[in-house]
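The values are calculated or read from the model by the stated rules, or taken from the named source; none is laboratory data. Small disclaimer: the values here were computed from a predicted structure and weren't measured. Cβ sites come from the backbone with ideal geometry, for glycine too, and all protein chains shown count toward neighbours.
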Amino acid sequence: MTAAGFHELEQELKRLKSEERPAVIRAIAEARTHGDLSENAEYHAARERQSFIEGRVAELENVVRRAQVIDPSTLTGTVIRFGAKVMLADGATDAEVRYQIVGSHEANIATGRLPVTSPLARALIGKTVGDTVEVTTPNGSKSYEVVEVKYG
């Protein structure tokens with residue numbers, strides 16, 4: 001994953017441990033004071049939230065422990081690989097889109113962060129400016145031309 005993505009995951013993990021976890025423990029303690037736990041909706045909601053938080057903490061700790069951090073700013077070249085920022089032209093409409101190829105845990109298509117495991121990213125790896133890629137999407141086949149490749 002990229003250094004920025006790693007930092008975001010570390011921040012989320014820190015927030016869950018230092019803010020969310022203590023808050024849900026307080027909520028459970030407060031709900032217990034309200035009497036019968038079998039009919040206490042606040043208690044059950046707090047326990048459900050605690051379960052979610054603990055699961056997410058375990059997941060993030062595992063990801064952070066196993067992460068290989070790659071700093072795209074140290075990479076150069078014109079061949080697309082992990083960390084590359086690419087501009088593509090849609091073969092049908094000539095509309096341009098920008099993506100950065102990132103790890104799956106930091107991907108967010110809305111912000112242009114394309115997971116390296118996606119069909120488009122896999123098709124782009126190894127390509128250079130001027131190359132054309134064909135990708136099968138749920139709406140049919142799409143063609144893109146690589147317009148620009150940058151790192152950093």
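Summary table
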item: Pick from region 124-144, criterion aliphatic (A, V, I, L, M) and closer than 10 Å to residue 80 by Cα, ranking: surrounded by the most Cβ atoms within 10 Å (Cβ to Cβ); result: 124
item: Residues (in contact with an Asp or Glu (Cβ under 8 Å, 6 or more places away or on another chain) and either outside any strand (DSSP E or B) or within 19 Å of residue 71 (Cα to Cα) (or both)) located in region 116-144; result: 123, 129, 130, 131
item: Selected residue (criterion: surrounded by the most Cβ atoms within 10 Å (Cβ to Cβ)) from residues of region 67-104 that are more than 15 Å from the chain's Cα centre (by Cα), β-branched (Val, Ile, Thr) and not in a strand (DSSP E or B); result: 80
item: Tally, over region 62-93, of residues that are on the phi > 0 side of the Ramachandran plot and either out of contact with any Ser or Thr (no Cβ under 7 Å at 6 or more places or on another chain) or outside the structural domain of residue 104 (by TED's automatic domain parsing) (or both); result: 1
item: Single match in 39, 19, 54, 59 (criterion: at pLDDT below 90, on the phi < 0 side of the Ramachandran plot and out of contact with any His (no Cβ under 7 Å at 6 or more places or on another chain)); result: 39
item: Selection count where residues are out of contact with any strand residue (DSSP E or B) (no Cβ under 7 Å at 6 or more places or on another chain) and closer than 16 Å to residue 87 by Cα, scope region 99-123; result: 4
item: One residue from 147, 64 being surrounded by fewer than 17 Cβ atoms within 10 Å (Cβ to Cβ), hydrophobic (A, V, I, L, M, F, W, C), assigned to a strand (DSSP E or B) and in contact (Cβ under 8 Å) with a residue 24 or more places away in the chain; result: 147
item: Verdict on residue 42 being loosely packed, with under 12 Cβ neighbours inside 10 Å, among the charged types (D, E, K, R) and outside the structural domain of residue 115 (by TED's automatic domain parsing); result: no
item: Region 1-23, residues that are within 23 Å of residue 73 (Cα to Cα) and part of a helix (DSSP H, G or I); result: 3, 4, 5, 6, 7, 8, 9, 10, 11
